[in-house]
Amino acid sequence: MNSNKPIDKLLYIIERLRDPETGCPWDVKQTYETIAPYTIEEAYEVVDAIEKKDHQHLGEEVGDLLLQVMLYAQIGKEASHFDFDEIVQMLNQKLLRRHPHVFPDGSAESRIKPGTVVTEEQVAENWNKVKAQEKLSEKAKTNEKDSDVPSHILDDVPTAMAPMLRALKLQKKAAQFGFDWSDLKPVLAKVNEEVAELNEAIEEEHSRDAVMGEIGDVLFCCINLCRHMKIDAEDALRSTNNKFVRRLNRVEDILTSDDEKIGDVNLERLDECWDQVKEEERRGS
(Lines give C-alpha, C1' and ligand atoms only; values in the text may rest on other atoms or scores of the structure.)
Protein backbone atom coordinates (compact mmCIF):
# COMPACT_ATOMS: atom_id res chain seq x y z
CA MET A 1 0.00 0.00 0.00
CA ASN A 2 1.66 3.21 -1.22
CA SER A 3 -1.09 5.76 -0.55
CA ASN A 4 -1.46 7.63 2.74
CA LYS A 5 -5.09 8.51 2.09
CA PRO A 6 -7.40 7.13 4.84
CA ILE A 7 -9.82 5.63 2.31
CA ASP A 8 -7.03 3.76 0.54
CA LYS A 9 -5.75 2.45 3.85
CA LEU A 10 -9.26 1.28 4.74
CA LEU A 11 -9.60 -0.53 1.41
CA TYR A 12 -6.28 -2.24 2.07
CA ILE A 13 -7.33 -3.28 5.59
CA ILE A 14 -10.62 -4.75 4.35
CA GLU A 15 -8.81 -6.65 1.60
CA ARG A 16 -6.40 -8.07 4.18
CA LEU A 17 -9.25 -9.05 6.49
CA ARG A 18 -10.87 -10.97 3.63
CA ASP A 19 -7.67 -12.78 2.58
CA PRO A 20 -8.56 -16.51 2.50
CA GLU A 21 -5.19 -17.54 3.93
CA THR A 22 -4.11 -14.78 6.31
CA GLY A 23 -7.33 -12.87 6.97
CA CYS A 24 -9.84 -12.91 9.82
CA PRO A 25 -11.91 -16.14 9.89
CA TRP A 26 -15.09 -14.19 10.64
CA ASP A 27 -14.60 -11.65 7.84
CA VAL A 28 -13.58 -14.31 5.32
CA LYS A 29 -16.81 -16.28 5.68
CA GLN A 30 -19.13 -13.28 5.31
CA THR A 31 -21.48 -12.92 2.33
CA TYR A 32 -23.93 -10.25 1.15
CA GLU A 33 -26.68 -12.12 2.99
CA THR A 34 -24.86 -12.54 6.31
CA ILE A 35 -23.81 -8.88 6.46
CA ALA A 36 -27.27 -7.49 5.71
CA PRO A 37 -28.62 -7.80 9.31
CA TYR A 38 -25.52 -6.02 10.66
CA THR A 39 -26.06 -3.20 8.18
CA ILE A 40 -29.57 -2.61 9.53
CA GLU A 41 -28.32 -2.81 13.13
CA GLU A 42 -25.52 -0.31 12.48
CA ALA A 43 -27.96 2.09 10.80
CA TYR A 44 -30.14 2.04 13.91
CA GLU A 45 -27.10 2.71 16.10
CA VAL A 46 -26.33 5.76 13.98
CA VAL A 47 -29.88 7.01 14.51
CA ASP A 48 -29.63 6.32 18.24
CA ALA A 49 -26.46 8.44 18.52
CA ILE A 50 -28.17 11.24 16.60
CA GLU A 51 -31.20 11.19 18.88
CA LYS A 52 -28.97 11.26 21.96
CA LYS A 53 -27.00 14.13 20.41
CA ASP A 54 -23.89 12.08 21.10
CA HIS A 55 -21.93 13.64 18.26
CA GLN A 56 -18.57 12.24 19.32
CA HIS A 57 -19.96 8.72 19.38
CA LEU A 58 -21.86 9.43 16.15
CA GLY A 59 -18.60 9.58 14.21
CA GLU A 60 -17.71 6.10 15.42
CA GLU A 61 -21.15 4.73 14.52
CA VAL A 62 -20.99 6.24 11.03
CA GLY A 63 -17.63 4.51 10.69
CA ASP A 64 -19.21 1.19 11.63
CA LEU A 65 -21.86 1.79 8.95
CA LEU A 66 -19.13 2.60 6.43
CA LEU A 67 -17.50 -0.72 7.31
CA GLN A 68 -20.59 -2.47 6.00
CA VAL A 69 -20.25 -0.67 2.67
CA MET A 70 -16.56 -1.57 2.44
CA LEU A 71 -17.29 -5.23 3.10
CA TYR A 72 -19.95 -5.26 0.38
CA ALA A 73 -17.46 -3.61 -1.96
CA GLN A 74 -14.75 -6.20 -1.24
CA ILE A 75 -17.13 -9.13 -1.61
CA GLY A 76 -18.39 -7.61 -4.87
CA LYS A 77 -14.82 -7.21 -6.11
CA GLU A 78 -13.98 -10.83 -5.30
CA ALA A 79 -17.09 -12.00 -7.17
CA SER A 80 -16.43 -9.62 -10.09
CA HIS A 81 -19.78 -7.92 -9.45
CA PHE A 82 -18.43 -4.42 -8.67
CA ASP A 83 -15.68 -2.75 -6.64
CA PHE A 84 -15.48 0.34 -4.46
CA ASP A 85 -14.55 2.67 -7.33
CA GLU A 86 -17.53 1.44 -9.35
CA ILE A 87 -19.85 2.01 -6.38
CA VAL A 88 -18.61 5.60 -6.05
CA GLN A 89 -18.80 6.19 -9.79
CA MET A 90 -22.39 4.89 -9.99
CA LEU A 91 -23.34 7.11 -7.05
CA ASN A 92 -21.68 10.16 -8.62
CA GLN A 93 -23.57 9.61 -11.86
CA LYS A 94 -26.87 9.09 -10.06
CA LEU A 95 -26.49 12.27 -7.98
CA LEU A 96 -25.64 14.34 -11.05
CA ARG A 97 -28.50 12.80 -13.04
CA ARG A 98 -31.12 13.24 -10.32
CA HIS A 99 -30.23 16.86 -9.49
CA PRO A 100 -30.70 18.78 -12.74
CA HIS A 101 -31.71 21.77 -10.61
CA VAL A 102 -28.11 21.88 -9.31
CA PHE A 103 -26.15 20.35 -12.23
CA PRO A 104 -28.17 21.44 -15.31
CA ASP A 105 -26.09 19.63 -17.93
CA GLY A 106 -25.33 16.58 -15.81
CA SER A 107 -21.70 17.44 -15.07
CA ALA A 108 -20.23 18.30 -11.67
CA GLU A 109 -18.82 21.54 -13.11
CA SER A 110 -22.17 22.90 -14.38
CA ARG A 111 -24.14 25.40 -12.32
CA ILE A 112 -27.60 26.92 -12.42
CA LYS A 113 -27.99 30.62 -13.06
CA PRO A 114 -27.55 32.81 -9.94
CA GLY A 115 -30.85 33.79 -8.39
CA THR A 116 -32.71 30.74 -9.71
CA VAL A 117 -35.29 29.60 -7.15
CA VAL A 118 -35.98 25.88 -6.88
CA THR A 119 -38.76 24.63 -4.61
CA GLU A 120 -38.86 21.32 -2.74
CA GLU A 121 -41.80 20.31 -4.91
CA GLN A 122 -39.69 20.83 -8.04
CA VAL A 123 -36.87 18.80 -6.49
CA ALA A 124 -39.24 15.89 -5.79
CA GLU A 125 -40.70 16.17 -9.30
CA ASN A 126 -37.23 16.07 -10.87
CA TRP A 127 -36.21 13.12 -8.72
CA ASN A 128 -39.29 11.07 -9.60
CA LYS A 129 -39.06 11.97 -13.30
CA VAL A 130 -35.42 10.87 -13.52
CA LYS A 131 -36.16 7.65 -11.60
CA ALA A 132 -38.94 6.85 -14.09
CA GLN A 133 -36.57 7.44 -16.99
CA GLU A 134 -34.00 5.18 -15.36
CA LYS A 135 -36.54 2.38 -15.10
CA LEU A 136 -37.43 2.68 -18.77
CA SER A 137 -33.77 2.62 -19.68
CA GLU A 138 -33.17 -0.45 -17.53
CA LYS A 139 -36.05 -2.28 -19.20
CA ALA A 140 -34.63 -1.42 -22.61
CA LYS A 141 -31.25 -2.85 -21.62
CA THR A 142 -32.78 -6.15 -20.59
CA ASN A 143 -34.83 -6.29 -23.83
CA GLU A 144 -37.94 -6.90 -21.76
CA LYS A 145 -36.96 -10.52 -20.99
CA ASP A 146 -39.85 -10.73 -18.58
CA SER A 147 -42.39 -9.07 -20.86
CA ASP A 148 -44.96 -11.70 -19.99
CA VAL A 149 -44.82 -10.66 -16.32
CA PRO A 150 -47.04 -7.64 -15.59
CA SER A 151 -45.32 -4.51 -14.30
CA HIS A 152 -47.07 -2.61 -11.51
CA ILE A 153 -46.45 0.75 -9.90
CA LEU A 154 -45.56 -0.81 -6.52
CA ASP A 155 -43.14 -3.41 -7.88
CA ASP A 156 -40.06 -1.34 -7.06
CA VAL A 157 -40.87 -0.92 -3.37
CA PRO A 158 -38.48 -3.37 -1.64
CA THR A 159 -40.24 -6.18 0.21
CA ALA A 160 -37.39 -6.41 2.74
CA MET A 161 -37.91 -2.88 4.05
CA ALA A 162 -38.95 -2.45 7.67
CA PRO A 163 -42.78 -2.87 7.62
CA MET A 164 -43.57 0.63 8.86
CA LEU A 165 -41.19 2.23 6.38
CA ARG A 166 -42.51 0.04 3.54
CA ALA A 167 -46.11 0.98 4.37
CA LEU A 168 -45.18 4.65 4.07
CA LYS A 169 -43.31 4.03 0.82
CA LEU A 170 -46.27 2.13 -0.65
CA GLN A 171 -48.67 4.92 0.29
CA LYS A 172 -46.45 7.62 -1.18
CA LYS A 173 -46.03 5.64 -4.39
CA ALA A 174 -49.78 5.10 -4.77
CA ALA A 175 -50.40 8.79 -4.05
CA GLN A 176 -48.20 9.75 -7.00
CA PHE A 177 -50.79 8.09 -9.24
CA GLY A 178 -53.82 9.72 -7.60
CA PHE A 179 -54.71 6.91 -5.19
CA ASP A 180 -54.97 9.12 -2.11
CA TRP A 181 -57.35 11.34 -0.15
CA SER A 182 -57.08 15.08 -0.66
CA ASP A 183 -57.80 16.06 2.95
CA LEU A 184 -57.54 14.73 6.50
CA LYS A 185 -61.21 14.02 7.30
CA PRO A 186 -61.62 10.76 5.33
CA VAL A 187 -58.23 9.57 6.62
CA LEU A 188 -59.44 9.93 10.22
CA ALA A 189 -62.72 8.27 9.28
CA LYS A 190 -60.81 5.32 7.83
CA VAL A 191 -58.81 4.92 11.05
CA ASN A 192 -62.03 4.84 13.07
CA GLU A 193 -63.58 2.38 10.59
CA GLU A 194 -60.64 0.00 10.90
CA VAL A 195 -60.65 0.23 14.71
CA ALA A 196 -64.38 -0.66 14.67
CA GLU A 197 -63.65 -3.66 12.42
CA LEU A 198 -60.90 -4.79 14.78
CA ASN A 199 -63.24 -4.50 17.75
CA GLU A 200 -65.87 -6.55 15.89
CA ALA A 201 -63.32 -9.25 14.99
CA ILE A 202 -62.27 -9.55 18.64
CA GLU A 203 -65.81 -9.57 20.04
CA GLU A 204 -66.95 -12.19 17.53
CA GLU A 205 -63.83 -14.26 18.23
CA HIS A 206 -62.61 -14.39 14.68
CA SER A 207 -59.51 -16.44 13.89
CA ARG A 208 -56.09 -15.26 15.00
CA ASP A 209 -55.12 -14.55 11.39
CA ALA A 210 -58.27 -12.49 10.87
CA VAL A 211 -57.61 -10.41 14.00
CA MET A 212 -53.98 -9.97 12.98
CA GLY A 213 -55.15 -8.71 9.60
CA GLU A 214 -57.44 -6.16 11.24
CA ILE A 215 -54.62 -4.98 13.51
CA GLY A 216 -52.45 -4.58 10.43
CA ASP A 217 -55.17 -2.48 8.79
CA VAL A 218 -55.28 -0.20 11.85
CA LEU A 219 -51.51 0.22 11.82
CA PHE A 220 -51.47 0.90 8.08
CA CYS A 221 -54.16 3.56 8.46
CA CYS A 222 -52.34 5.19 11.39
CA ILE A 223 -49.21 5.45 9.24
CA ASN A 224 -51.34 7.01 6.51
CA LEU A 225 -52.70 9.49 9.05
CA CYS A 226 -49.14 10.44 10.02
CA ARG A 227 -48.26 10.93 6.36
CA HIS A 228 -51.19 13.26 5.77
CA MET A 229 -50.30 15.25 8.89
CA LYS A 230 -46.64 15.39 7.82
CA ILE A 231 -45.61 13.55 10.98
CA ASP A 232 -42.93 10.88 10.75
CA ALA A 233 -44.55 7.67 12.02
CA GLU A 234 -41.19 6.34 13.19
CA ASP A 235 -40.56 9.55 15.15
CA ALA A 236 -44.05 9.42 16.66
CA LEU A 237 -43.64 5.82 17.83
CA ARG A 238 -40.07 6.45 18.97
CA SER A 239 -41.29 9.36 21.08
CA THR A 240 -44.00 7.21 22.64
CA ASN A 241 -41.48 4.43 23.33
CA ASN A 242 -39.24 6.92 25.12
CA LYS A 243 -42.22 8.28 27.06
CA PHE A 244 -43.19 4.76 28.15
CA VAL A 245 -39.64 4.07 29.36
CA ARG A 246 -39.50 7.38 31.21
CA ARG A 247 -42.83 6.81 32.92
CA LEU A 248 -42.18 3.20 33.88
CA ASN A 249 -38.78 4.14 35.28
CA ARG A 250 -40.51 6.77 37.41
CA VAL A 251 -43.07 4.17 38.56
CA GLU A 252 -40.18 1.98 39.72
CA ASP A 253 -38.64 4.95 41.54
CA ILE A 254 -41.92 5.65 43.36
CA LEU A 255 -42.23 2.01 44.40
CA THR A 256 -38.63 1.89 45.55
CA SER A 257 -39.15 4.98 47.70
CA ASP A 258 -42.02 3.09 49.39
CA ASP A 259 -39.88 -0.05 49.84
CA GLU A 260 -41.83 -1.87 47.12
CA LYS A 261 -40.74 -3.72 43.99
CA ILE A 262 -42.44 -3.61 40.61
CA GLY A 263 -42.72 -7.40 40.41
CA ASP A 264 -44.34 -7.72 43.83
CA VAL A 265 -47.27 -5.28 43.60
CA ASN A 266 -50.63 -5.77 41.87
CA LEU A 267 -51.91 -4.00 38.76
CA GLU A 268 -54.07 -1.64 40.81
CA ARG A 269 -50.98 -0.33 42.60
CA LEU A 270 -49.11 0.01 39.30
CA ASP A 271 -51.99 1.98 37.78
CA GLU A 272 -52.01 4.23 40.83
CA CYS A 273 -48.31 4.98 40.38
CA TRP A 274 -48.77 5.44 36.63
CA ASP A 275 -51.50 8.03 37.20
CA GLN A 276 -49.23 9.77 39.68
CA VAL A 277 -46.47 9.99 37.10
CA LYS A 278 -48.84 11.41 34.48
CA GLU A 279 -50.06 13.99 36.98
CA GLU A 280 -46.46 14.95 37.78
CA GLU A 281 -45.80 15.45 34.08
CA ARG A 282 -48.96 17.52 33.70
CA ARG A 283 -47.83 19.79 36.52
CA GLY A 284 -44.34 19.96 35.07
CA SER A 285 -42.71 18.28 38.05
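For the reader, a short list of remarks on this structure follows.
- Flag: E121 matches the condition of being of a type in the set (D, E), under 30 Å from A174 (Cβ atoms) and not assigned by TED's automatic domain parsing to the domain that holds D19.
- Identity of the residue in region 47-74, in a helix (DSSP H, G or I), of a type in the set (D, E, K, R) and free of Cβ contacts under 8 Å to residues at least 60 places away in the same chain, that ends up surrounded by the fewest Cβ atoms within 10 Å (Cβ to Cβ): E60
- Just one of the listed residues (V195, V118) is surrounded by 12 or more Cβ atoms within 10 Å (Cβ to Cβ), aliphatic (A, V, I, L, M) and modelled with pLDDT under 90, and it is V118.
- Restricting attention to region 232-251, the residues being loosely packed, with under 12 Cβ neighbours inside 10 Å and more than 28 Å from C273 (Cα to Cα) number 0.
- Yes/no for K190 being of a type in the set (D, E, K, R) and either in contact with a strand residue (DSSP E or B) (Cβ under 7 Å, 6 or more places away or on another chain) or touching a residue at least 24 places away in the same chain (Cβ under 8 Å) (or both): yes
- Within region 260-285, residues that are in the same structural domain as V245 (by TED's automatic domain parsing) and surrounded by 13 or more Cβ atoms within 10 Å (Cβ to Cβ) reach partners that are of a type in the set (D, E) and assigned to a helix (DSSP H, G or I) with beta carbons closer than 6 Å, at six or more positions or on different chains, in the pairs I262/E252.
Table: residues versus (1) out of contact with any Asp or Glu (no Cβ under 8 Å at 6 or more places or on another chain); (2) of a type in the set (A, V, I, L, M, F, W, C).
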position: E204; (1), (2): yes, no
position: D209; (1), (2): yes, no
position: G213; (1), (2): yes, no
position: D217; (1), (2): no, no
position: L225; (1), (2): yes, yes
position: V245; (1), (2): yes, yes
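The values are calculated or read from the model by the stated rules, or taken from the named source; none is laboratory data. Please read these numbers as outputs of a predicted model, since none were measured by experiment. Heads up, the Cβs are rebuilt from the backbone with ideal geometry, glycines too, and the neighbour counts pull from every protein chain shown.
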